[in-house]
Amino acid sequence: MKEFKFKIGGQDYAATVEDLKDGQMKVTVNGQTYQVEVPQTKAQGPRVAMAPAAPEAQKGGTKNVNSELPGTVTKINVADGQRVKRGDVLLIIEAMKMANEIVSEVDGTVQRVAVTQGQSVNQGDLLVEMVADFEAAKAEVTPKPAPAAPAPVAAPAPAPAAAGAKTVTAPLPGTITKVTVKVGDTVNAGDTVLLMEAMKMENNITAEFGGTVKAILVETGNQVQSGQALVELD
């Protein structure tokens, strides 16, 4: 059983519709019950969708929207040439004192509105001719390939250490996030020479001995391996 509340001419109405069989319905409006016969009509709700598209319409051809029930066209919301989206209300038909919204089930373009406001229609009468955009809809939902992830920045090949040079090496694999010294700087044992991210933690890489920075062998963003030379000191 379906229940509806609506207003006509400023008066409130409460109605229930109960499907029986063989096209029979029991309609009760404000306590008054009517036996209604709608030949070859299935139970109708307040929104009436257009019939499923025929195979040729699946390719984007002309699609007729026909009336699913007899009634009177009370409002037309579209015009010839208008673009519509799935779920848009094309027009409203009043039947059994209920306003039924005729909606589009597809994106498309209105080719022709075949009825006028106030016109009485029967079941199966042509209401709107449309051109359905099935191919466009298919393109909209086709997933686009994800952009390729940028290749990691590889550290340059380390230059061979000069004889007698003191080298600061990576204690574990990671990514250089900051270089805190420059060539010519004087550092003491325990001073931080760069920062490296490893295992989701930022690690201070310190000099084990004092000296002057002779060469910086990596840059910010480089990925390094355990034991790789990072900074050379004199």
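The values are calculated or read from the model by the stated rules, or taken from the named source; none is laboratory data. This structure is a prediction, so every number in the text was calculated from the model and none was measured. Methodologically, a virtual Cβ is constructed for each residue, glycine included, from the backbone with ideal geometry; neighbour enumeration extends over all protein chains shown. The area values use the complete protein model at the heavy-atom level, side chains included, leaving out ligands, DNA and RNA. Shrake-Rupley method; radii C 1.70, N 1.55, O 1.52, S 1.80 Å.
Key figures for this structure:
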read-out: Residue match in segment 126-134 (condition: out of contact with any Ser or Thr (no Cβ under 7 Å at 6 or more places or on another chain) and at pLDDT 90 or above); value: yes
read-out: Test: residue in segment 90-104 that is more than 27 Å from Asp19 (Cβ to Cβ) and modelled with pLDDT of 65 or more; value: no
read-out: Answer from Val110, Val73, Val128 - the residue that is in a strand (DSSP E or B), in contact with an Asp or Glu (Cβ under 7 Å, 6 or more places away or on another chain), at negative phi and open to solvent by less than 30 Å² (accessible area, probe 1.4 Å); value: Val110
read-out: Pairs where the first residue, in segment 20-33, is at positive phi and the second is at pLDDT 80 or above and exposed (fewer than 13 other Cβ atoms within 10 Å of the Cβ), C-beta under 9 Å, 6+ apart; value: Asn30/Ala14; Gly31/Ala14
read-out: Residue satisfying all of: in segment 173-184; outside any strand (DSSP E or B) and open to solvent by 40 Å² or more (accessible area, probe 1.4 Å); modelled with the lowest pLDDT among these; value: Pro173
read-out: Filter pass, Asp80 being open to solvent by 40 Å² or more (accessible area, probe 1.4 Å), modelled with pLDDT of 80 or more and part of a loop (DSSP other than H, G, I, E, B); value: yes
read-out: Matching strands (runs of 3 or more DSSP E) fully within segment 188-234 where at least 3 residues are under 15 Å from Lys178 (Cβ atoms) and touching a residue at least 12 places away in the same chain (Cβ under 8 Å); value: 192-198, 201-206
